[in-house]
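Engineer: Sharing a structure here in structure tokens format.
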Amino acid sequence: MTAHADASAGVRLERDLLQATRAFCGDSTARSWWHVDSTFALVIIALTGAGLAPWWPVRLILAIIGALLLVRAFITFHDFMHGAILRDSRVASIVFRVYGVLMLTPARSWVRSHNHHHGHVGQISAAGTGSFPLITVAMWRRASARDRAKYRAARHPLIIVFGYLTVFAVSLTLLPMLRDPRHHWDSGLALLAHGGLIVAFWLLGGADVAFFVVLLPMFLAAMLGSYLFFAQHSFGGMVVRVAPSWSFHGAALESSSYMRLSAVMRWFTGNIGYHHVHHLNVRIPFYRLPEAAVVIAKLRSPIVTSLAPRHIIAAFRASLWDEDRQRMVPYSEAATPK
């Protein structure tokens, strides 16, 4: 088969897959509002309990539940920003923009960086705009000690653990504001609003209330969210392609994983584990992703990851793209040849 025939077959496959996913696009307004309203109501209930409960173990449990609910709330924000749910609702626009400001997810920064991510996932990028950087073994061998250190730091597990600061406060909010304050004015507002939220709870209820209602839930939610984002594009079996062989369907099926989770965790994470389906068509509402994954035959055999320790270790070991072996490798396999 010629290169032209391969390209034509790829175009047909992408066109057919996109056509198949369209049946799952278009949300039910009532169903979407039910998910949004119930999620935000549960967030308020859980975090109110975390602030008011008299016994610290109960506060801790409620703060953890609140963190998981914040992850689900973020998925509703994420879907709204993609136009997958409540696309024409002015009320939803106000709700999610307020949410974005309070939760260090300013809309202008999020849209710019996340759209770039969707348009470049599974590609080589030393900058890592909208995502984590990814370079080849050859690039690693040519890199200076300083550049290697910066690359290691950007993909280090501690970046994920402290995602509240590194990913949300700094990368998504502070840096865009510093680079272009006129355009990213909402990032400055987000820093003020989120900081004000912490101060308000501290003054009203003390340091313990600020900790259990804001700091701990945000820390845990950001850590889980950052890991999900990282691991679903850094795993064994991942394929990295360069132009002109890169395509949206290839990025969805080869560079985005399906994260196998329990039914409870699928609910808390808003089905974002069906990441290959989401990358194929961002307009599919999160509550229809499992349905699409079952019905569309091409989506039934994705590359699978999970939150199991072996998969977490594998995600962080998948550090560089080896063009010769066509697979992700750890730093230990990228030593400069003698």
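The values are calculated or read from the model by the stated rules, or taken from the named source; none is laboratory data. Quick caveat, the model's predicted, so the values are computed rather than measured. Positions of Cβ are generated from backbone atoms using ideal geometry, with glycine treated the same way; all protein chains shown enter the neighbour counts.
Engineer: Name the one entry in Thr166, Thr76 that is polar (S, T, N, Q), more than 22 Å from Trp34 (Cα to Cα), buried (at least 18 other Cβ atoms within 10 Å of the Cβ) and modelled with pLDDT of 95 or more. Write out each step before concluding.
Structural biologist: On the way: Thr76 fails: more than 22 Å from Trp34 (Cα to Cα).
Going through Thr166, Thr76 in turn, just one is polar (S, T, N, Q), more than 22 Å from Trp34 (Cα to Cα), buried (at least 18 other Cβ atoms within 10 Å of the Cβ) and modelled with pLDDT of 95 or more: Thr166.
Engineer: Any residue at all in segment 178-190 that's surrounded by fewer than 16 Cβ atoms within 10 Å (Cβ to Cβ), touching a helix residue (DSSP H, G or I) at 6+ places or on another chain (Cβ under 6 Å) and modelled with pLDDT of 95 or more? Reasoning before the result, please.
Structural biologist: First pass over segment 178-190, keeping only residues surrounded by fewer than 16 Cβ atoms within 10 Å (Cβ to Cβ): 178-183, 185.
Within this subset, residues satisfying the condition of being touching a helix residue (DSSP H, G or I) at 6+ places or on another chain (Cβ under 6 Å) are none.
Within segment 178-190 (the criterion being surrounded by fewer than 16 Cβ atoms within 10 Å (Cβ to Cβ), touching a helix residue (DSSP H, G or I) at 6+ places or on another chain (Cβ under 6 Å) and modelled with pLDDT of 95 or more), the answer is no, since none of the residues qualifies.
Engineer: So, of the residues in segment 79-108 that are of a type in the set (Phe, Trp, Tyr) and either over 15 Å from the mean Cα position of the chain (by Cα) or on the phi > 0 side of the Ramachandran plot (or both), which turns out to be surrounded by the fewest Cβ atoms within 10 Å (Cβ to Cβ)? Show your work before the answer.
Structural biologist: Restricting attention to segment 79-108, the residues satisfying the condition of being of a type in the set (Phe, Trp, Tyr) are 80, 96, 99.
Right, trim to either over 15 Å from the mean Cα position of the chain (by Cα) or on the phi > 0 side of the Ramachandran plot (or both) and you get 96, 99.
Values: Phe96: 23, Tyr99: 20.
Within segment 79-108, the match that is surrounded by the fewest Cβ atoms within 10 Å (Cβ to Cβ) is Tyr99.
Engineer: Scan Ser144, Ser113 and give me the residue that is within 30 Å of Asp186 (Cα to Cα) and of a type in the set (Ser, Thr, Tyr). So that I can check it myself, show each step before the final result.
Structural biologist: Numbers: Ser144 fails: within 30 Å of Asp186 (Cα to Cα).
Selected residue: Ser113, the only one of Ser144, Ser113 that is within 30 Å of Asp186 (Cα to Cα) and of a type in the set (Ser, Thr, Tyr).
Engineer: Out of segment 231-280, which residues are in a loop (DSSP other than H, G, I, E, B), without any contact (Cβ under 8 Å) to a residue 24 or more places away in the chain and aromatic (Phe, Trp, Tyr)?
Structural biologist: Across segment 231-280, there are no qualifying residues.
Engineer: Let me ask another. Considering only residues that are farther than 24 Å from Arg72 by Cα and small (Gly, Ala, Ser), look in segment 222-262 and name the one that is modelled with the lowest pLDDT.
Structural biologist: Applying the filter and picking the extreme gives Ala243.
Engineer: For segment 284-338, name all the residues that are touching a residue at least 12 places away in the same chain (Cβ under 8 Å), among the hydroxyl-bearing types (Ser, Thr, Tyr) and surrounded by fewer than 17 Cβ atoms within 10 Å (Cβ to Cβ).
Structural biologist: Result: Tyr331, Thr336.
Engineer: List pairs: first residue in segment 197-214 and touching a residue at least 60 places away in the same chain (Cβ under 8 Å) and more than 21 Å from Val98 (Cα to Cα), second residue surrounded by 17 or more Cβ atoms within 10 Å (Cβ to Cβ) and not basic (Lys, Arg) anywhere in the structure, Cβ distance under 7 angstrom, at least six positions apart or on different chains.
Structural biologist: Gly205/Gly51; Val209/Gly51; Val209/Phe201; Phe212/Ala50; Phe212/Gly51; Phe212/Ala63
Engineer: Out of everything in segment 12-64 that is aromatic (Phe, Trp, Tyr) and exposed (fewer than 15 other Cβ atoms within 10 Å of the Cβ), what residue ends up being nearest to the chain's Cα centre (by Cα)? Spell out how you get there, then give the answer.
Structural biologist: Step one: of segment 12-64, the residues aromatic (Phe, Trp, Tyr) are 24, 33-34, 40, 55-56.
Add one more test, that the residue is exposed (fewer than 15 other Cβ atoms within 10 Å of the Cβ), and what stays is 34, 55-56.
Numbers: Trp34: 23, Trp55: 34, Trp56: 31 Å.
The qualifying residue nearest to the chain's Cα centre (by Cα) is Trp34.
So that you can scan it fast, the table gives a plain yes or no per residue for (1) crowded, with 18+ Cβ neighbours inside 10 Å; (2) touching a His at 6+ places or on another chain (Cβ under 6 Å); (3) among the hydrophobic types (A, V, I, L, M, F, W, C):
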| residue | (1), (2), (3) |
| --- | --- |
| Ala210 | yes, no, yes |
| Met218 | yes, no, yes |
| Gly225 | yes, no, no |
| Gln232 | yes, yes, no |
| Gly236 | no, no, no |
| Arg241 | no, no, no |
| Glu254 | yes, no, no |
| Ala263 | no, no, yes |
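Engineer: Would a scan of segment 311-320 turn up a residue that is touching a Pro at 6+ places or on another chain (Cβ under 6 Å), on the phi < 0 side of the Ramachandran plot and hydroxyl-bearing (Ser, Thr, Tyr)?
Structural biologist: Going residue by residue through segment 311-320, those that are touching a Pro at 6+ places or on another chain (Cβ under 6 Å) are 316-317, 319.
Next, only the ones that are on the phi < 0 side of the Ramachandran plot stay: 316-317, 319.
Now drop any that are not hydroxyl-bearing (Ser, Thr, Tyr), which leaves 319.
For segment 311-320, residues touching a Pro at 6+ places or on another chain (Cβ under 6 Å), on the phi < 0 side of the Ramachandran plot and hydroxyl-bearing (Ser, Thr, Tyr): present.
Engineer: Can we say Pro157 is under 30 Å from Val43 (Cα atoms) and surrounded by fewer than 16 Cβ atoms within 10 Å (Cβ to Cβ)? Steps first, answer last, please.
Structural biologist: On the way: under 30 Å from Val43 (Cα atoms): yes; surrounded by fewer than 16 Cβ atoms within 10 Å (Cβ to Cβ): yes.
Answer is yes for this residue.
Engineer: Being free of Cβ contacts under 8 Å to residues at least 60 places away in the same chain and in a helix (DSSP H, G or I), is that true of even one residue in segment 98-107?
Structural biologist: Let us first name the residues in segment 98-107 that are free of Cβ contacts under 8 Å to residues at least 60 places away in the same chain, namely 98-99.
If we keep only those that are in a helix (DSSP H, G or I) as well, we get 98-99.
So far as segment 98-107 goes, yes, one or more of its residues are free of Cβ contacts under 8 Å to residues at least 60 places away in the same chain and in a helix (DSSP H, G or I).
Engineer: So Pro290 clears everything in (1) modelled with pLDDT under 95; (2) within 30 Å of Leu62 (Cβ to Cβ); (3) of a type outside the set (A, V, I, L, M, F, W, C) except one condition, right? Which one?
Structural biologist: (1)
Engineer: Could you list all residues from segment 127-151 that are small (Gly, Ala, Ser) and touching a His at 6+ places or on another chain (Cβ under 6 Å)? Please lay out each step first, then the result.
Structural biologist: Applying the first criterion (small (Gly, Ala, Ser)) to segment 127-151 yields 127-128, 130-131, 138, 143-145, 149.
Passing the criteria: Gly130, Ser131.
Engineer: Right, here's the next one. Give Ser38, Ser113 a once-over and let me know the one that is part of a helix (DSSP H, G or I), polar (S, T, N, Q), more than 18 Å from Ile284 (Cβ to Cβ) and at pLDDT 95 or above.
Structural biologist: Details: Ser113 fails: at pLDDT 95 or above.
Going through Ser38, Ser113 in turn, the sole match is Ser38.
Engineer: Quick check on my filter: what residues within segment 300-338 are within 20 Å of the chain's Cα centre (by Cα) and farther than 22 Å from Ala149 by Cα?
Structural biologist: The answer is Pro302, Ile303, Val304, Thr305, Ser306, Leu307, Ala308, Pro309, His311.
Engineer: What's the total number of residues in segment 133-180 that are over 27 Å from Gly100 (Cα atoms), touching a residue at least 24 places away in the same chain (Cβ under 8 Å) and outside any helix (DSSP H, G or I)?
Structural biologist: Adding up the residues that qualify gives 3.
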